[in-house]
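Computed from the coordinates by the stated procedures, all read-outs in this text should not be read as laboratory data. Here the structure is a predicted model, which is why all the values come from computation and not from measurement. Backbone-built Cβ (ideal geometry, glycine too); neighbour counts: all protein chains shown.
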Amino acid sequence: MKSLTIPAKPERLDEITAFVDEELEAYDCPMNVQLQIELAIEEIFVNISSYAYHPVDGEAEVRCEVLQDPLRVVIQFLDGGKPYDPLAREDADISQEALEEREGGLGILLVKKTMDDVQYAYENGKNILTILKKL
């Protein structure tokens, strides 16, 4: 599994996307799948960079591995910020009325709906969010 550790700052998002895209290129990942993965990366990393360490700075580690039979990518996001399980929250209400009043929660719903599996763990002082997408 390849790994990239960078400061958890929103402006570093492109580095993570490029890191994962490089892994996917070798497997002729369909463009629509790659775009779903990139959107999930953005949602997760922006949340880490915005909330995990606030008001101080910290690092995020991203691990990426493409597995065979069936062909799929596993991406893990690790941070040493405040413990937070985004999957424990009830799914956002996406009715029109609720969307007009709601703040937050839609990003993780999008991740859950577009990825084939999403898991959270808190181990050794780290939040670990793992996404899996079949290629």
Exercise. Magnitude of the Cβ-charge dipole of the stretch 2-134, K/R +1 and D/E -1, about the Cα centre, nearest 20 debye?
Worked result: 320
Exercise. So how much slack lies between E25 and E38, counting 0.36 nm per residue of separation and subtracting their Cα-Cα distance, in nm?
Worked result: 3.4 nm
For this session: Could you grab the relative contact order for the stretch 2-134? Cα pairs under 8 Å, six or more apart, rounded to a whole percent.
Result: 27
Exercise. Which of the lysines could be linked to K134 by a straight reach, that is with a Cα gap under 21 Å, when you skip same-chain ones fewer than 8 residues away?
Worked result: K2, K112, K113
Exercise. What share of Cα pairs, in percent, lie more than 18 angstrom apart in the stretch 2-134?
Worked result: 54
